[in-house]
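The values are calculated or read from the model by the stated rules, or taken from the named source; none is laboratory data. None of the values given here were measured: they were computed from a predicted structure. Using ideal geometry, Cβ is built from the backbone for each residue, glycine included, and neighbour counts are taken over all protein chains shown. Remember, those area values only see protein heavy atoms, side chains included, never the ligands or the DNA or RNA. Shrake-Rupley method; radii C 1.70, N 1.55, O 1.52, S 1.80 Å.
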Amino acid sequence: MIKENFVPKYQKIIDDLRENVRSGVLAPGERLPVREELMQQYGVTRATVNRAMAELLREGLLVATPRAGTYVAERNTGDEVAVVVHSTLVMLHKMDWTIACNYYAMFGRLFQLLPENERKILNMEEVSRNPEILRHYRRILWNNLSQEDFENAVKAVGDRSRFLLLNRYYPDCDFVSVNHRQAAFDLAETFLCNLPENAAVGLLDMPYGRYLSNRFVWLERRAGFMDACEKHNRFCRVLELRQDDYEYNQLQLGEFDRRRPAGAPGVLLSPSNETTGFMLGFLRSHNYRFNEDYFYGDFDNEGSLNQHGIAIPSVLEDYAQLAELAYQNLDNRGCRLWCRHTIVNSPFTN
């Protein structure tokens, strides 16, 4: 029989010592019990204790002094700033940030502002596996992380105030971010204030299967759309789409279309430009006119005219300002700043 929630003995030692350091039971500079005491306490062999110690020494949580013993490391965080990025962006600091767009421009601008000798670019996947490596940095900038990863990292570092989140705002954290909920509300207002009351309103939702860290943004924007519908007393139908499943998505859009009141326009709102291709394919297949039979709005679609031949109403996030505000507030503990957003291509303005 396989025991549920089995934890190796060496991992139990690691977890206990990490927690003791985090909680202050073991203070910086304090000497650890000798190996024999730990062997007796946990009922394990010397090899098991050595494995646990080796891992904590590698993380920098402990330091070993020849013939003097093993000690809790002093919390000297150094002067470097850790910038945690997805593996695909690790080499971005060598690019010209002006040719990058959207999300990439934020990091490109940040790397331009932060001198190379003051920052360390860390791979997000590696940090998620081993968040203890963040202990060595005075400030930690991170964008594309889930709340679970954030809380795990905070627990490992033991100091919530050293994190400055970019375009995320989990509870009790420092952040520089677009207010995703407010931005979605403002986009929905653009349509609901100008379309007749019998217009069919739909929200295109696409739960992230591959990118769970982005689910936070989708949920915030979905809430903003719902806020606007509630304000205007409009019923909003949620259409759950699937990534890379064109046929299924067209069926969902077709079902929404069949429920649309005769002669009434339809408006479909999306938390992302990832749904744009499905939407435009649906309009073409039915010979519907954009901004007449159907209205559509999404996020971060500045290049829609060049890419699709249609100026799509969209929320643009000011990624350069996000980077600049983060740089200006690197050492501002208690930083909670909203970055501006704009709505472009409104079909209701001359």
Residues located in region 224-244, provided they are acidic (Asp, Glu) and over 18 Å from residue 257 (Cβ atoms): 227, 230, 244
Sort through 164, 141 and tell me the only one that's in contact with an Asp or Glu (Cβ under 8 Å, 6 or more places away or on another chain), closer than 26 Å to residue 109 by Cβ and of a type in the set (A, V, I, L, M, F, W, C). 164
Quick check on this structure: which one of 243, 252 is open to solvent by 20 Å² or more (accessible area, probe 1.4 Å) and in contact (Cβ under 8 Å) with a residue 24 or more places away in the chain? 243
Look at region 5-47 and say how many of its residues are open to solvent by less than 60 Å² (accessible area, probe 1.4 Å), modelled with pLDDT of 90 or more and farther than 23 Å from residue 66 by Cα. 3
So, of the residues in region 171-181 that are at pLDDT 95 or above and touching a helix residue (DSSP H, G or I) at 6+ places or on another chain (Cβ under 7 Å), which turns out to be most open to solvent (accessible area, probe 1.4 Å)? 181
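Residues checked against (1) touching a residue at least 24 places away in the same chain (Cβ under 8 Å); (2) in a strand (DSSP E or B); (3) open to solvent by less than 40 Å² (accessible area, probe 1.4 Å):
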{"site": "183", "(1), (2), (3)": "yes, no, yes"}
{"site": "187", "(1), (2), (3)": "yes, no, yes"}
{"site": "191", "(1), (2), (3)": "yes, no, yes"}
{"site": "195", "(1), (2), (3)": "yes, no, yes"}
{"site": "198", "(1), (2), (3)": "yes, no, no"}
{"site": "203", "(1), (2), (3)": "yes, yes, yes"}
{"site": "216", "(1), (2), (3)": "yes, no, yes"}
{"site": "230", "(1), (2), (3)": "no, no, no"}
Open to solvent by less than 50 Å² (accessible area, probe 1.4 Å), acidic (Asp, Glu) and either outside any helix (DSSP H, G or I) or closer than 19 Å to residue 162 by Cβ (or both) - does that describe any residue in region 125-135? yes
From 75, 51, 58, residue being of a type in the set (Lys, Arg), within 37 Å of the chain's Cα centre (by Cα), at pLDDT below 85 and assigned to a helix (DSSP H, G or I): 58
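How many residues are under 22 Å from residue 194 (Cα atoms) and outside any strand (DSSP E or B) if we restrict to region 236-271?
First pass over region 236-271, keeping only residues under 22 Å from residue 194 (Cα atoms): 236-238, 256-257, 259-271.
From what's left, outside any strand (DSSP E or B): 256-257, 259-265, 270-271.
Number satisfying all stated conditions: 11.
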Residue list for region 284-293, restricted to those being without any contact (Cβ under 8 Å) to a residue 12 or more places away in the chain and of a type outside the set (Ser, Thr, Tyr): 284, 287, 289
Filter result for residue 168 (surrounded by 21 or more Cβ atoms within 10 Å (Cβ to Cβ) and either at pLDDT 90 or above or out of contact with any Ser or Thr (no Cβ under 8 Å at 6 or more places or on another chain) (or both)): yes
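Residue-wise test of (1) in contact (Cβ under 8 Å) with a residue 60 or more places away in the chain; (2) open to solvent by 10 Å² or more (accessible area, probe 1.4 Å).
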| residue | (1), (2) |
| --- | --- |
| 269 | yes, no |
| 275 | yes, no |
| 281 | no, no |
| 295 | yes, yes |
| 300 | yes, yes |
| 307 | no, yes |
| 311 | no, yes |
| 317 | yes, yes |
Is there a residue being crowded, with 16+ Cβ neighbours inside 10 Å, of a type in the set (A, V, I, L, M, F, W, C) and modelled with pLDDT of 90 or more anywhere in region 83-99? yes
Being among the aromatic types (Phe, Trp, Tyr) and part of a strand (DSSP E or B) narrows it down to one of 296, 288, so name that one. 296
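Name every residue in region 141-157 that is more than 25 Å from residue 16 (Cβ to Cβ) and either open to solvent by less than 30 Å² (accessible area, probe 1.4 Å) or free of Cβ contacts under 8 Å to residues at least 12 places away in the same chain (or both), in order of residue number.
Our first condition is that a residue be more than 25 Å from residue 16 (Cβ to Cβ); within region 141-157, this holds for 141-147.
Those that are more than 25 Å from residue 16 (Cβ to Cβ) and either open to solvent by less than 30 Å² (accessible area, probe 1.4 Å) or free of Cβ contacts under 8 Å to residues at least 12 places away in the same chain (or both): 141, 142, 143, 144, 145, 146.
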